[in-house]
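Enquirer: Pasting a structure below so you can have a look.
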Amino acid sequence: MSISVPFPRTARARASASLGNVAVGFDILGHSIDGPADIATVSRIDRPEVVITAIRGCAPDLPTDPRHNTAGMALLALRKALGIQHGFALALDKGIPLGSGLGGSAASCVAALVAANALLDRPLQHEALYGFAMEGEAVASGSRHGDNVGPMLTGGLALATRDRLLRIPVPAEWHCAVVHPHHVLETRKARAALERDFDLPVFVRQSSHLALVLAGCYQADPELVREGLKDVLVEPLRAALVPQFHRVKQAALDHHALGASIAGGGPSVFGWYTTRADADKAAAAMAAAFAEGGLDSDRHVSAINGPAACLLESACEVAA
């Protein structure tokens, strides 16, 4: 006698924006924010391939060749590593602008992986998807790094090294203000600005700042974070790529920020705050500073403990 067992054939997942680098953790530190998001709808298909059927929303012109699409490449890496015999059909609804510094390329591959994972016979823990997400992210940035995909998988602030993914505790009341000007800064261009040698004393100083921020988060000590949240390595080389950057950063600092800098590769700018009220006021002032340069912008205020990527729904069929 056969038993009918329902199994999912289609799943939808959401991945919220993230803030990479957090000033002092280039390529290894980031946190998710409660803001714009990408949604991936993935279907299990019999053909052993990955097919991108639609890309909608704020970036409809992305490539549909899975090898040149962050979400497509992530699913290809998942199939290859696990020896999956079936394939996936993927549709993306883009809510995060590309070239914004908010992890738009990362969110697509994380949402796709979370949805596809729900269709596996033996789904993995979200942290186990980390390596596949980095493979997808490399399509957009040219390098394999986890400061965006990592916190999208864990939620909150994450230390995302090449081989480890660790969520960092942050007080629930600490908030982030991030303002995205309507200006595109491509990830590859932002990374090209860093193609130079760095002086060892500057690297040591940056390392001490990262250590202070991590210690401050673990100890819930804002003064440690305030002392450390200063980018002396990357920000000086990228500041010229962000219109109005110094005025916007100063507006963030003027409202009691623990620190402020470029979000990811830019052009978004962020500040960390110990209260939601300070973050709200700072976001308005930062947007006004962008407006002085003729740039409209979008404001996002979120707890630093932002959401993890999540499954929205799945549709089941019955197999005999």
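The values are calculated or read from the model by the stated rules, or taken from the named source; none is laboratory data. Note that this is a predicted model, so its numbers are computed, not measured. Note: ideal-geometry Cβ built from the backbone for every residue, glycine included; neighbour counts use all protein chains shown.
Enquirer: Can you work out which of the residues in region 283-319 that are in a strand (DSSP E or B) and among the acidic types (Asp, Glu) is modelled with the highest pLDDT?
Expert: Asp298
Enquirer: Quick check on my filter: what residues within region 110-134 are in contact with a Lys or Arg (Cβ under 7 Å, 6 or more places away or on another chain) and under 26 Å from Lys189 (Cβ atoms)?
Expert: Ala111, Met134
Enquirer: In region 161-188, how many residues are assigned to a helix (DSSP H, G or I) and either touching a residue at least 60 places away in the same chain (Cβ under 8 Å) or on the phi > 0 side of the Ramachandran plot (or both)?
Expert: Residues flagged as assigned to a helix (DSSP H, G or I) and either touching a residue at least 60 places away in the same chain (Cβ under 8 Å) or on the phi > 0 side of the Ramachandran plot (or both) within region 161-188 amount to 1.
Enquirer: Restricting to region 114-160, what's the tally of residues that are free of Cβ contacts under 8 Å to residues at least 40 places away in the same chain and under 22 Å from Pro97 (Cβ atoms)?
Expert: Count: 1.
Enquirer: Test Leu214 against the criterion of being at pLDDT 95 or above, assigned by TED's automatic domain parsing to the domain that holds Val110 and out of contact with any Pro (no Cβ under 9 Å at 6 or more places or on another chain), and give yes or no.
Expert: Taking the combined requirement at face value, the residue does not satisfy it.
Enquirer: With surrounded by fewer than 18 Cβ atoms within 10 Å (Cβ to Cβ), of a type in the set (Lys, Arg) and touching a helix residue (DSSP H, G or I) at 6+ places or on another chain (Cβ under 8 Å) as the only criterion, which of Arg67, Arg122 stands out?
Expert: Only one candidate passes the filter, namely Arg67.
The rows are residues; the columns are (1) closer than 23 Å to Ala160 by Cα; (2) in contact (Cβ under 8 Å) with a residue 40 or more places away in the chain; (3) surrounded by fewer than 18 Cβ atoms within 10 Å (Cβ to Cβ).
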residue	(1), (2), (3)
Asp197	no, no, yes
Ser208	yes, no, yes
Ala211	yes, no, yes
Ala263	yes, yes, no
Val269	yes, yes, no
Trp272	yes, yes, no
Arg276	no, yes, yes
Ala288	no, no, yes
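Enquirer: Look through Leu78, Leu102, Leu92, Leu82 and report the one residue that is of a type in the set (A, V, I, L, M) and either surrounded by fewer than 17 Cβ atoms within 10 Å (Cβ to Cβ) or not assigned by TED's automatic domain parsing to the domain that holds Gly155 (or both).
Expert: It is Leu82.
Enquirer: Between a residue in region 229-247 that is without any contact (Cβ under 8 Å) to a residue 60 or more places away in the chain and any residue that is assigned to a helix (DSSP H, G or I) and among the acidic types (Asp, Glu), which pairs come within a Cβ distance under 7 Å, given they are 6 or more apart or on different chains?
Expert: Sorted first by the residue in region 229-247, then by its partner, the pairs are Arg247/Glu292.
Enquirer: Scan region 283-316 residue by residue and report those that are among the small types (Gly, Ala, Ser), more than 22 Å from the chain's Cα centre (by Cα) and not assigned by TED's automatic domain parsing to the domain that holds Arg9.
Expert: Within region 283-316, Ala284, Ala285, Ala288, Ala289, Ala291, Gly293, Gly294 qualify.
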